[in-house]
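Contents: one structure, followed by commentary.
The values are calculated or read from the model by the stated rules, or taken from the named source; none is laboratory data. Just so we're clear, the structure is a prediction, and the values are computed from it rather than from any experiment. Here Cβ is always computed from backbone atoms with ideal geometry, including for glycine, and neighbour counts include all displayed protein chains.
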Amino acid sequence: MDREQIRKELVVKFSRSGGPGGQHVNKVATKVIASLHLNTSEGLSSWEKNRLWEKLSNRISKEGFLTVHAEDSRSQAKNRDIAEKKLLSLLADTLKKPKPRRKTKPSRASKEKRLKKKKAHSEKKKDRKRPDLD
């Protein structure tokens, strides 16, 4: 993944942010919508593109854009930086290969502890029963 190339390919749009803020919110476009077209991106290899499509299919539009929104700050420049960081970290986290799981066996002590706990629970339940009158 070539971060600099991806930064160049970002499509950034601005719109009015929601929420409280009075007149400032109504007249300033501080919300940032950053999109990356996955199919035409030169910063990603074909393997990376396939993995992104597989893992983030619910976040990718029909046209092939992966979109991130940022409206945390009142500043458009800060929101642009936030959106860029969000998108890059999303890509990095998705492209990380998960560690293969190694099978492990429970230790002897853990088996004994489990059986002891099981026996105690059984005794507790047995003590709640009505005694036999025989």
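I need a count of the residues in region 44-68 that are part of a loop (DSSP other than H, G, I, E, B) and within 16 Å of LEU10 (Cα to Cα). Before you say what the answer is, go through the steps one by one.
Quick first cut of region 44-68, residues part of a loop (DSSP other than H, G, I, E, B) only: 44-45, 56, 61-64.
Still in the list and also within 16 Å of LEU10 (Cα to Cα): 44, 61, 63-64.
Total satisfying the criteria: 4.
Would you check if LYS126 is part of a loop (DSSP other than H, G, I, E, B), modelled with pLDDT under 95 and basic (Lys, Arg)? Steps first, answer last, please.
Details: part of a loop (DSSP other than H, G, I, E, B): no; modelled with pLDDT under 95: yes; basic (Lys, Arg): yes.
When the stated conditions are applied, LYS126 does not pass them.
Which of the residues belonging to region 69-101 are more than 25 Å from TRP47 (Cα to Cα), of a type outside the set (D, E, K, R) and assigned to a helix (DSSP H, G or I)?
GLN76, ALA77, ASN79, ILE82
Can you report the number of residues in region 24-37 which are assigned to a loop (DSSP other than H, G, I, E, B) and either buried (at least 20 other Cβ atoms within 10 Å of the Cβ) or in contact (Cβ under 8 Å) with a residue 60 or more places away in the chain (or both)?
Matching residues across region 24-37 total 1.
Does region 1-17 hold any residues that are loosely packed, with under 14 Cβ neighbours inside 10 Å and part of a strand (DSSP E or B), and which are they?
If the condition is that a residue be loosely packed, with under 14 Cβ neighbours inside 10 Å and part of a strand (DSSP E or B), then VAL11, VAL12, LYS13, SER15 are the ones that fit.
Could you please find all residues in region 66-101 being surrounded by fewer than 13 Cβ atoms within 10 Å (Cβ to Cβ), within 26 Å of ASP2 (Cβ to Cβ) and not polar (S, T, N, Q)?
Those that are surrounded by fewer than 13 Cβ atoms within 10 Å (Cβ to Cβ), within 26 Å of ASP2 (Cβ to Cβ) and not polar (S, T, N, Q): ALA77, ALA92, ASP93, LYS96, LYS97, PRO98, LYS99.
Is at least one residue of region 102-119 surrounded by 17 or more Cβ atoms within 10 Å (Cβ to Cβ), of a type outside the set (Val, Ile, Thr) and either modelled with pLDDT of 90 or more or in a loop (DSSP other than H, G, I, E, B) (or both)? Break it down into steps so the answer makes sense when it comes.
Taking region 102-119 as the starting set, the residues that turn out to be surrounded by 17 or more Cβ atoms within 10 Å (Cβ to Cβ) are none.
So far as region 102-119 goes, no, none of its residues is surrounded by 17 or more Cβ atoms within 10 Å (Cβ to Cβ), of a type outside the set (Val, Ile, Thr) and either modelled with pLDDT of 90 or more or in a loop (DSSP other than H, G, I, E, B) (or both).
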